[in-house]
1. When region 130-150 is examined, which residues are found to be touching a Leu at 6+ places or on another chain (Cβ under 8 Å) and basic (K, R)?
2. How about region 34-128: which strands (runs of 3 or more DSSP E) wholly inside it have at least 2 residues that are of a type outside the set (S, T, N, Q), modelled with pLDDT under 85 and surrounded by fewer than 20 Cβ atoms within 10 Å (Cβ to Cβ)?
3. Restricting to region 12-28, and then to whatever is without any contact (Cβ under 8 Å) to a residue 40 or more places away in the chain and part of a strand (DSSP E or B), can you tell me which residue is nearest to S150 (Cα to Cα)?
4. Take the residues in region 14-33 that are surrounded by 13 or more Cβ atoms within 10 Å (Cβ to Cβ) and over 17 Å from the mean Cα position of the chain (by Cα), then tell me which one is modelled with the highest pLDDT.
5. Being without any contact (Cβ under 8 Å) to a residue 12 or more places away in the chain, assigned to a loop (DSSP other than H, G, I, E, B), on the phi < 0 side of the Ramachandran plot and not hydrophobic (A, V, I, L, M, F, W, C) is the requirement here; does K31 meet it?
Amino acid sequence: MSFQDFIKQHLDKDYTTNYQSKGGTIVCQDKTASKYIYKYKQNEQFMKLHIDGGLISDQNTLKCDYLLLNYTEINKETHYHSIFIELKGSDFPHACKQISATIESLGYNLKGSILHARIVLSKVSTPNSQLNVLKEKFMKQYQCVLFYQSRSIEEKSDETGYPSYSRHKGN
């Protein structure tokens, strides 16, 4: 299935919210007070899919919390970005496993899309060396920039459609 077909298949589902045209803010939040915020511009088109308990309802399956799909035309060329979001307490390695499992499960449907991973932790308790190993694994295995931060992440698209924290590897 192509990225466009995946969007069409999930367009009007109860676990999907569509954001288009005028610009605005997309918020993904959980009960731990972790929050992901994306400020999108006019003419950007986004779809937010609630993964955990929505698209993937099986409680025994590892999965991340949300997936944002950006399908925006820039200079007469459509760019596709998939942002996997996990809102977590402090277990960074488990959050990475959840995003990995979701990429493995949905990745075929997102071919042609540039992958991004975001983890918002309520507190960071993992040693930096382990964090760097996991970030490098995401880049090598999925060509995906993994960015994490404590409490909240707020980003927006740059002029080429990339989310703010995907143009550099550092946190």
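The values are calculated or read from the model by the stated rules, or taken from the named source; none is laboratory data. If you're wondering where the values come from, they're calculated on a predicted model, not measured in any experiment. Glycine also receives a Cβ, built like all others from the backbone with ideal geometry; neighbour counts cover every protein chain displayed.
1. K135, the sole residue that qualifies.
2. Answer list for region 34-128: 66-74, 77-88.
3. Among those residues, the one meeting the criterion is V27.
4. G24
5. Yes.
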